[in-house]
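One structure is given here, and the rest of the page talks about it.
The values are calculated or read from the model by the stated rules, or taken from the named source; none is laboratory data. Remember, it's a predicted structure, so these values are computed and weren't measured experimentally. Methodologically, a virtual Cβ is constructed for each residue, glycine included, from the backbone with ideal geometry; neighbour enumeration extends over all protein chains shown. The protein model used for the area step is the full one, side chains on, heavy atoms only, and it has no ligands, DNA or RNA in it. Shrake-Rupley method; radii C 1.70, N 1.55, O 1.52, S 1.80 Å.
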Amino acid sequence: MTPRYVLTLSCPDQIGIVADVSRFLVQMGCNITESGQYNDQGNGRFFLRNTFESTKGVSLNLLREAFAPLADTYQMDAKMFDAAVKTPTVIMVSKFGHCLNDLLFRWRSGSLPIDIKAVISNHRDFQDLVEDADLPFHYLPVTAETKPAQEAALEEILDRTDAELIVLARYMQVLSHDICARHPGQIINIHHSFLPSFKGARPYHQAYERGVKLIGATAHYVTDDLD
């Protein structure tokens, strides 16, 4: 089977990035199968994601090593991944289980390319559900006084499982600045799509009172400012 890899990068925007990245992949015997790019005019950053096949069977380590000089030239924050390797993931949930249920279903059916290492919750409501799926469940209750110790325990689990992705599946706690800073671009928050119309702790009640009939969902990467 032809190896399939993913390249993601961000860097200051300038002429020639796409051409030079494409030229590099061609020279390494790679065929681009998907490509997406975005220019953030607000901060002058350029973002690129390419999926490509190594038609000559070049290893991922060799590609990374060969790409390093180009990354240095453009001051890139670049990463390459093996598309066949599922992302080690930890899910966090509180007392609403609809997002967790959906993630577990998609994980079991193979439609979601993640490797769930553990589920963490500040309540025990879904312990049986998680253990029935033969997954580790970690109960980490939290209060204002115990939050530092709770987050230390969370970090220990993340380190032990080598988690590369953290999914907040209706986890109703605000993560600290330290957690956000240690895991940039690795935490995804799933929540209702009422913002910015209905803010605060009771958005569903507000929407119901206003007669909203359709509820959606959205997701975003967690940042210190946003969460």
(request) Express the Stokes-Einstein translational diffusion coefficient of region 137-195 in µm² s⁻¹, to the nearest whole number, given a Kirkwood radius over alpha-carbon pairs, 20 °C and a viscosity of 1.002 mPa s. (result) 171
(request) Can you send over the carbon and sulfur percentage of the accessible area for the chain, probe radius 1.4 Å, protein chains only? (result) 52
(request) Subtract the Cα-Cα distance of Leu135 and Ile188 from 0.36 nm times their separation in residues, and report this length gain in nm to one decimal. (result) 17.1 nm
(request) Among Tyr204, Asn61, Leu104, pick out the residue whose Cα is farthest towards the positive end of the charge dipole of the chain, where Lys and Arg carry +1 and Asp and Glu carry -1 on C-beta, about the Cα centre. (result) Tyr204
(request) Cross-chain or 8 or more residues apart, Cα under 25 Å: how many lysine pairs in the chain fit that? Count them up, please. (result) 11
(request) Per DSSP H run of at least 4 residues, take -39500 (n - 2.57); add these up for the chain, divide by its residues and hand me the 222 nm value, nearest 500 deg cm²/dmol. (result) -9000 deg cm²/dmol
(request) Report, to two decimal places, the Cα Rg of region 1-118 normalised by 2.2 N^0.38 Å (N = number of residues). (result) 1.28
(request) Whole number in Å², please: accessible area per residue of the chain, 1.4 Å probe, ligands, DNA and RNA not counted. (result) 59
(request) Return a whole-number percent for the relative contact order of the chain, with Cα pairs under 8 Å and 6 or more residues apart as the contact set. (result) 16
(message) Once you place label points 7 Å from the Cα toward the Cβ at Ala201 and Arg106, how far apart are they in nm?
(response) 3.0
(message) Given bins 10 angstrom wide, list per bin the percent of all Cα-Cα distances in the chain, short to long.
(response) 7, 26, 29, 25, 12, 2, 0
(request) Would you kindly state how much longer the chain becomes between Gln14 and Asp162 on full extension, computed as 0.36 nm times their sequence separation minus their alpha carbon distance, in nm to one decimal? (result) 49.8 nm
